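A short worksheet on the structure shown next.
Only the coordinates and a few stated rules stand behind these numbers; no lab work does. Here the structure is a predicted model, which is why all the values come from computation and not from measurement. Cβ placement follows ideal geometry from the backbone for every residue including glycine, while neighbour counts extend to all protein chains displayed.
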Amino acid sequence: MSAPATKTATLHLPDVETHPQPGVYRDLIESARARNVEYSKIWDLFAFQQSFTVHLARFTHGVLREPAAISPGFRELIAAYTSNQNECGFCTQAHAAAASELMGDSATVWAAAALRHAGWNDEAIYYAITTCALFNFYNRWITACGVPQMSPEAHREQGRTLAARGYSRD
């Protein structure tokens, strides 16, 4: 994994970063900048074309937060694991932090077992597969656009926010 980003880190797409469209993500960015605090640079990706990224945020919220056979904390752990396998440092840290908040344990260990043998039903398997697929997309989007990792403190704060509010900002 790459080193944590500094507050001056930028995307690989500077025009995307400097042209947020009106809406909730631009408001979040402007608020963070006004307070001179580190913010999640994925907001820049969502702010650039909010007319359709709002649907991605809603989908993400549904996959990771709707009531399901797999807890939101475990789905966050799947997202972190998938992101780690895809070498996306930002998502690995962001979702490990959210999983830690939701599960109350930062030392959760993965165990290998066949899903049905472990008692998983079709709904649980559906959410696991969908979470992995979603984060395969996110990891490629974030890595290709150059979303930098944040400091450990900023990731912990984001983890608390994701655990409390989820993903949809509308």
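In the chain, the longest principal axis of the Cα atoms and the axis of helix 152-165 are about 70 degrees apart. Using θ = phi - 60° in the Karplus curve 6.51 cos²θ - 1.76 cosθ + 1.60, the 3J(HN,Hα) couplings for the stretch 79-87 round to 4, 5, 5, 4, 5, 5, 4, 8, 6 Hz; x is entered for Gly and Pro.
This ranking places 100, 106 by how few other beta-carbon atoms lie within 10 Å of each, fewest first, which gives 106, 100. Residue order for 70, 142, 129, fewest other beta carbons within 10 angstrom first, comes to 129, 70, 142. A simple spin-label model places the labels of residue 105 and residue 9 2.9 nm from each other, with each point 7 Å out along Cα-to-Cβ. Absence of a disulfide-compatible partner, taken as no other cysteine beta carbon within less than 4.7 angstrom, is noted in the chain for 132, 145. Which whole-number percent is the relative contact order of the chain (Cα, under 8 Å, 6+ apart)? Rounded, it is 35 percent for the chain.
Among 103, 150, the order by Cβ neighbours within 10 angstrom, fewest to most, reads 103, 150. With the convex hull constructed from alpha-carbon coordinates only, the chain shows a mean projected area of 9.6 nm² over all directions. Dipole of the stretch 14-165 computed with +1 at Lys/Arg Cβ and -1 at Asp/Glu Cβ about the Cα centre; of 102, 85, 45, farthest Cα towards the positive end is 102. Here the dipole of the chain is about 80 debye; that uses its Cα centre as origin and unit charges on the Cβ of Lys and Arg (positive) and Asp and Glu (negative).
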